[in-house]
Amino acid sequence: MRVGVEDGRIVSITGDPDHPITQGFLCGKVNRYAERVYSPNRVLTPLRRTGPKGEGKFAPIGWEEALDEIAGRFKTIIAEHGGAAILPYNYSGSVAPITKLSGHPLFNRLGASRTVGSLCSSQAFAGQAFTTGAQLHSDVEDIQHADLIILWGSNVVATNIHLMPFIKKARKKGARLIVIDPLKNHTARQADWHIPIRPGTDAALALGMMRHIIAEGLHDMAFIDRYTLGFEDLKDACEAYTPERVADITGLPAGDVVRLAEEYGRNRAAFLRLGLGLTRRRNGGMVVRTISCLPSLTGAWEEKGGGFIRNGWANGTLNGGYLSAPRPGDPPGREIPYAQLGEALVSAQDPPIMALYVYGSNPAAVAPNQKRVFEGLLREDLFVVVHEQMYTDTVDYADIVLPATTFMEQEDLAAASGNRYIQISRPAIAPVGQAKSNLETFRLLAARMDVEDPVYSESFEQIVEHVLESEWAPAGGWDMEALWRGKAQKLVPPEAPWRQGALRTPSGKFEFFSQRMAGEGLSPVPEFVASQEGHTDNDLKARYPLQFTCAHAHNFINSSFTEVPASRKLQSQAPFIRLNPLDAEARGLGSGDMCRVFNDRGDCILRVEVTENIRPSVVSVDTVWWPKFHQGTRNVNQLVSDDLTDVGKGPVYQESLVQIEAAV
Ligand SMILES: Nc1nc2c(c(=O)[nH]1)N[C@H]1C(S)=C(S)[C@@H](COP(=O)(O)OP(=O)(O)OC[C@H]3O[C@@H](n4cnc5c(=O)[nH]c(N)nc54)[C@H](O)[C@@H]3O)O[C@H]1N2
Ligand SMILES: Nc1nc2c(c(=O)[nH]1)N[C@H]1C(S)=C(S)[C@@H](COP(=O)(O)OP(=O)(O)OC[C@H]3O[C@@H](n4cnc5c(=O)[nH]c(N)nc54)[C@H](O)[C@@H]3O)O[C@H]1N2
Ligand SMILES: [Mo]
């Protein structure tokens with residue numbers, strides 16, 4: 001990014017024209033970042049609560065006083081209950097390694113509880129690892145050479161706009177673009193072919209494709225013999241997925257299942273980009289495990305322009321452990337899944353959670369089972385600290401609020417999600433108000449808690465050098481001089497590691513059969529597992545006949561930017577839910593009406609949008625609006641269970657059955 005500054009204030013924000021991925025343009029959200037930085041919603045000083053929890057009434061206090069109080073309360077809690085009574089909660093507010101991970105040395109030393117799993121992608125990571133081993137992704141810059149591009153459950157026009165120039169290049173040379181998504185989203189509207197699959201049934205489609213590919217001999221036997229394990233088992237596993245059966249499960253015409261398999265099987269350089277939405281369900285790990293078998297069946301990995309990518313890359317390959325790994329002697333710490341925050345706050349025992357320290361996350365908006373989250377946050381005996389930029393719903397429940405810098409005001413490494421580039425990010429302006437970065441705040445707090453660690457004494461440059469100790473550093477090392485000048489550098493993973501038998505699976509090969517998966521109590525071969533709250537008829541479905549799905553909002557990043565009026569206006573002014581005309585009519589609802597969406601877990605109020613863009617019996621919302629922008633101060637996470645995914649301890653945001661009625 002290039003940021004223009006006059007008299008210490010940001011006056012312009014543009015994409016860096018010299019960056020190979022950014023190519024001079026930014027997404028619609030970040031173009032408006034200055035409006036966030038100078039938002040009237042910004043927290044400018046430390047605050048202490050003066051009203052009841054949840055009301056958001058505060059009085060300003062000084063940093064010294066705030067930090068002394070936090071340290072004092074932590075010490076009392078540790079003395080009475082032990083360190084595990086403290087729960088730090090940090091997610092994706094910043095994914096820059098130093099900002100994200102600088103709290104770990106402190107909390108590890110205190111023996112605090114540790115969050116595990118994710119609110120996002122851990123199930124996808126785990127699922128893919130069974131098939132390809134961890135950290136195998138094709139280079140997105142190669143998409144331009146593809147003959148066929150499949151965006152599977154990924155709305156890249158909204159969520160990864162910088163992929164589009166590469167896709168456009170390929171299309172100019174004749175590549176077709178296929179989008180598989182129950183919603184005709186921004187990306188699907190640009191595609192050559194949109195496949196409106198029933199939510200939760202993607203593994204069946206992939207199995208049907210593989211069956212047809214094998215039956216027609218479109219698979220690459222030479223590749224399979226050399227680089228894969230368990231082909232015969234896969235063949236058997238696919239056998240039951242005839243086009244007719246797949247049609248029955250997925251709600252797609254049988255002819256389309258065959259056509260899709262033909263296109264994928266006959267185009268060697270087929271690039272598959274998998275999204276995350278379709279993996280946030282109880283069978284999510286198996287979904288990714290299954291779909292990621294496709295390129296190993298056709299050998300697409302070997303073709304320039306062919307291959308596979310999920311989401312994240314560079315930011316997952318650095319030495320973040322330098323900050324986050326427990327040091328020898330640190331107490332073990334109890335594990336709490338991210339997705340079960342509410343349950344942990346309400347019912348964890350031995351010890352109960354007595355302090356919650358939130359930074360870089362807005363759990364009151366984004367965490368599943370929101371009723372439980374609110375119940376936990378309302379506990380009178382729970383000490384809550386929130387380090388935030390904005391007056392979020394989570395802030396409303398804090399005892400102490402600390403003002404946080406934005407990335408415009410702090411230094412870090414910027415390591416990309418979705419591509420291989422890494423660079424230094426420098427502050428463009430001084431901290432707004434009394435804001436402090438996570439690193440600085442943790443240094444001050446660690447000193448008060450008598451915790452010493454290199455991370456709290458080394459210079460920024462020293463920490464960066466440790467974090468850059470990636471096994472995929474360029475040959476001969478990083479060009480540090482260029483890096484410090486701000487130039488992006490590209491990670492260099494081994495080329496085609498399967499050729500050396502060096503994939504990170506137990507066999508070093510692509511595994512169609514996974515003993516490790518059997519070890520987790522799952523089928524060792526790909527299979528379709530019907531969702532508990534899915535398309536099949538059962539007692540629950542009789543009461544709640546609609547499959548609820550979410551798509552990340554075009555104009556927000558998770559719940560960030562909801563506070564920017566221009567972003568809200570572009571998004572739709574008020575949160576809405578898409579209903580197919582058949583479902584709307586059956587309920588006497590029309591566009592613009594207010595409706596109540598509910599199930600046994602909770603309810604929320606949304607505006608109706610009637611549209612053919614969503615399949616019948618499926619509803620879709622754009623996420624994540626802050627609860628306080630909803631009538632009734634609660635959002636769609638009221639509807640979402642805190643069950644965990646089959647592997648990886650991920651969330652199940654996409655798997656809820658609901659009913660809808662007119663709001664009164
Ligand atoms: N504009 C914008 N960009 C973002 C974000 C944002 O909030 N806004 N968030 C960032 C983050 S943290 C993430 S994790 C990524 C996520 O990026 P994506 O994975 O692209 O986004 P999602 O919105 O999670 O899911 C995308 C699509 O999955 C579809 N979907 C839901 N269920 C199913 C299913 O069962 N099968 C299929 N085939 N499709 C299904 C939804 O309709 C939706 O269109 O985006 C990042 N980029
Ligand atoms: N229903 C539903 N819920 C979802 C999703 C969905 O699709 N549907 N998506 C899920 C996904 S993929 C994700 S990744 C999660 C994201 O959930 P979160 O990680 O909680 O993301 P945000 O809601 O953007 O909240 C991040 C907060 O961090 C603050 N912040 C930013 N930078 C810093 C910093 O440097 N320091 C501090 N202290 N604070 C900072 C921002 O102001 C913001 O309020 O939400 C999940 N929740
Ligand atoms: Mo995410």
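The values are calculated or read from the model by the stated rules, or taken from the named source; none is laboratory data. These numbers come from a predicted model, not from an experiment. Positions of Cβ are backbone-derived with ideal geometry, glycine not excepted, and every protein chain shown enters the neighbour counts. Only protein heavy atoms, including side chains, enter the accessible area calculation; ligands, DNA and RNA are left aside. Shrake-Rupley method; radii C 1.70, N 1.55, O 1.52, S 1.80 Å.
What's the total number of residues in segment 191-225 that are at negative phi and either assigned to a loop (DSSP other than H, G, I, E, B) or among the charged types (D, E, K, R) (or both)?
Qualifying residue count for the region: 14.
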Exercise for review: Considering every residue within segment 343-366, establish whether at least one is in contact (Cβ under 8 Å) with a residue 24 or more places away in the chain, among the β-branched types (Val, Ile, Thr), in contact with a His (Cβ under 8 Å, 6 or more places away or on another chain) and surrounded by 24 or more Cβ atoms within 10 Å (Cβ to Cβ).
Suggested key: yes
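Restricting to segment 545-557, and then to whatever is surrounded by fewer than 20 Cβ atoms within 10 Å (Cβ to Cβ) and within 19 Å of Arg578 (Cα to Cα), can you tell me which residue is nearest to ligand 1 (Cβ to nearest atom)? Give the derivation first.
From segment 545-557, those surrounded by fewer than 20 Cβ atoms within 10 Å (Cβ to Cβ) are 545, 552, 557; that's our starting set.
Filter once more, keeping what is within 19 Å of Arg578 (Cα to Cα): 545, 552.
On the way: Pro545: 17, His552: 3 Å.
Restricting to residues being surrounded by fewer than 20 Cβ atoms within 10 Å (Cβ to Cβ) and within 19 Å of Arg578 (Cα to Cα), the top hit is His552.
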Exercise for review: Select from segment 450-487 the residues that are open to solvent by less than 50 Å² (accessible area, probe 1.4 Å) and farther than 26 Å from Asn438 by Cα and list them in ascending order.
Suggested key: Trp472, Ala473, Pro474, Gly477, Trp478, Ala482
Review point. Applying the selection to segment 210-254, what residues are touching a residue at least 60 places away in the same chain (Cβ under 8 Å) and of a type in the set (Asp, Glu)?
Key: Asp220, Asp233, Asp236
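Looking at segment 44-135, what strands (runs of 3 or more DSSP E) fall wholly within it and have at least 3 residues that are within 16 Å of ligand 3 (Cβ to nearest atom)? Give the derivation first.
Details: elements: 47-49, 58-60, 86-90, 114-116.
So the answer is none; nothing clears 3.
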Point to revise | Residues that are away from ligand 2 (no atom under 16 Å from the Cβ), out of contact with any helix residue (DSSP H, G or I) (no Cβ under 7 Å at 6 or more places or on another chain) and open to solvent by 10 Å² or more (accessible area, probe 1.4 Å), drawn from segment 109-133 | key: Arg109, Arg114, Ala129
Exercise for review: Identify, from the list Ala188, Ala170, Ala158, the residue that is at pLDDT 95 or above, within 16 Å of ligand 3 (Cβ to nearest atom) and part of a helix (DSSP H, G or I).
Suggested key: Ala158
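Tell me yes or no: at least one residue of segment 135-153 is among the polar types (S, T, N, Q) and buried (at least 24 other Cβ atoms within 10 Å of the Cβ). Please lay out each step first, then the result.
Narrowing segment 135-153 to residues among the polar types (S, T, N, Q): 135, 138, 144.
From what's left, buried (at least 24 other Cβ atoms within 10 Å of the Cβ): none.
The answer is no; no qualifying residue exists.
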Review point. So Thr611 fits all but one of (1) open to solvent by less than 40 Å² (accessible area, probe 1.4 Å); (2) within 16 Å of ligand 2 (Cβ to nearest atom); what number is the exception?
Key: (2)
Exercise for review: For Arg268, work out the one condition from (1) open to solvent by less than 70 Å² (accessible area, probe 1.4 Å); (2) not in a helix (DSSP H, G or I) it doesn't fulfil.
Suggested key: (1)
Check your understanding: So how many residues does segment 98-122 have that are touching an Asp or Glu at 6+ places or on another chain (Cβ under 7 Å) and within 16 Å of ligand 1 (Cβ to nearest atom)?
Key -> 1
**Study point:** So Leu272, is it hydrophobic (A, V, I, L, M, F, W, C) and either within 16 Å of ligand 1 (Cβ to nearest atom) or modelled with pLDDT under 95 (or both)
**Key:** yes
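Take the residues in segment 94-106 that are open to solvent by 10 Å² or more (accessible area, probe 1.4 Å) and hydrophobic (A, V, I, L, M, F, W, C), then tell me which one is nearest to Cys293 (Cα to Cα). Talk me through it step by step, then tell me what you get.
Here is the first cut: in segment 94-106, the residues open to solvent by 10 Å² or more (accessible area, probe 1.4 Å) are 94-97, 99-101, 104.
Remaining after also requiring hydrophobic (A, V, I, L, M, F, W, C): 95-96, 101.
Details: Val95: 29, Ala96: 31, Leu101: 33 Å.
Result: Val95.
Does Arg607 count as without any contact (Cβ under 8 Å) to a residue 40 or more places away in the chain and either within 13 Å of ligand 1 (Cβ to nearest atom) or in contact with a Gly (Cβ under 7 Å, 6 or more places away or on another chain) (or both)? Full working, then the answer.
Numbers: without any contact (Cβ under 8 Å) to a residue 40 or more places away in the chain: yes; either within 13 Å of ligand 1 (Cβ to nearest atom) or in contact with a Gly (Cβ under 7 Å, 6 or more places away or on another chain) (or both): yes.
Yes; evaluated as a whole, the condition is true for this residue.
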Check your understanding: Which residues, taken from segment 501-528, are out of contact with any strand residue (DSSP E or B) (no Cβ under 9 Å at 6 or more places or on another chain) and crowded, with 21+ Cβ neighbours inside 10 Å?
Key -> Val525, Pro526, Phe528
Exercise for review: Give the residues of segment 24-57 that are closer than 22 Å to His552 by Cβ and open to solvent by 60 Å² or more (accessible area, probe 1.4 Å), sorted by residue number.
Suggested key: Phe25, Asn31, Glu35
Check your understanding: Of all the residues that make up segment 278-302, how many are open to solvent by 10 Å² or more (accessible area, probe 1.4 Å) and over 25 Å from Val618 (Cβ atoms)?
Key -> 2
Practice item. Could you please find all residues in segment 637-664 being within 16 Å of ligand 3 (Cβ to nearest atom), open to solvent by 10 Å² or more (accessible area, probe 1.4 Å) and under 15 Å from Val373 (Cβ atoms)? Key: Tyr653
Check your understanding: Between residues in segment 68-95 that are basic (Lys, Arg) and residues that are open to solvent by less than 50 Å² (accessible area, probe 1.4 Å) and within 16 Å of ligand 3 (Cβ to nearest atom), which pairs lie under 8 Å by C-beta distance while being six or more apart or on different chains?
Key -> none
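Every residue in segment 285-303 that is outside any helix (DSSP H, G or I) and either in contact with a helix residue (DSSP H, G or I) (Cβ under 7 Å, 6 or more places away or on another chain) or within 23 Å of Cys120 (Cβ to Cβ) (or both), please. Full working, then the answer.
Step one: of segment 285-303, the residues outside any helix (DSSP H, G or I) are 292-293, 299, 303.
Of everything in segment 285-303, those that are outside any helix (DSSP H, G or I) and either in contact with a helix residue (DSSP H, G or I) (Cβ under 7 Å, 6 or more places away or on another chain) or within 23 Å of Cys120 (Cβ to Cβ) (or both) turn out to be Ser292, Cys293, Gly299.
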Exercise for review: Could you grab the pairs with beta carbons closer than 6 Å, sequence gap of 6+ or different chains, first residue in segment 637-655 and more than 18 Å from Ala203 (Cβ to Cβ), second one within 13 Å of ligand 1 (Cβ to nearest atom) and acidic (Asp, Glu)?
Suggested key: none
Practice item. Can you tell me which residue among Pro575, Pro506, Pro581 is of a type outside the set (S, T, N, Q), over 30 Å from Ser92 (Cα atoms) and touching a residue at least 24 places away in the same chain (Cβ under 8 Å)? Key: Pro581
Practice item. Determine whether Ala447 is more than 29 Å from Gln135 (Cβ to Cβ) and open to solvent by 60 Å² or more (accessible area, probe 1.4 Å). Key: yes
Practice item. Scan (1) within 16 Å of ligand 2 (Cβ to nearest atom); (2) part of a loop (DSSP other than H, G, I, E, B); (3) modelled with pLDDT of 95 or more for the single condition Asp350 breaks and write down its number. Key: (1)
Practice item. Specify the residue that is most open to solvent (accessible area, probe 1.4 Å); the eligible residues are those in segment 622-636 that are more than 16 Å from ligand 3 (Cβ to nearest atom) and of a type outside the set (Phe, Trp, Tyr). Key: Gln631
Study note, to complete from the structure: Among the residues of segment 304-326, the number that are surrounded by 18 or more Cβ atoms within 10 Å (Cβ to Cβ) and outside any helix (DSSP H, G or I) is 11
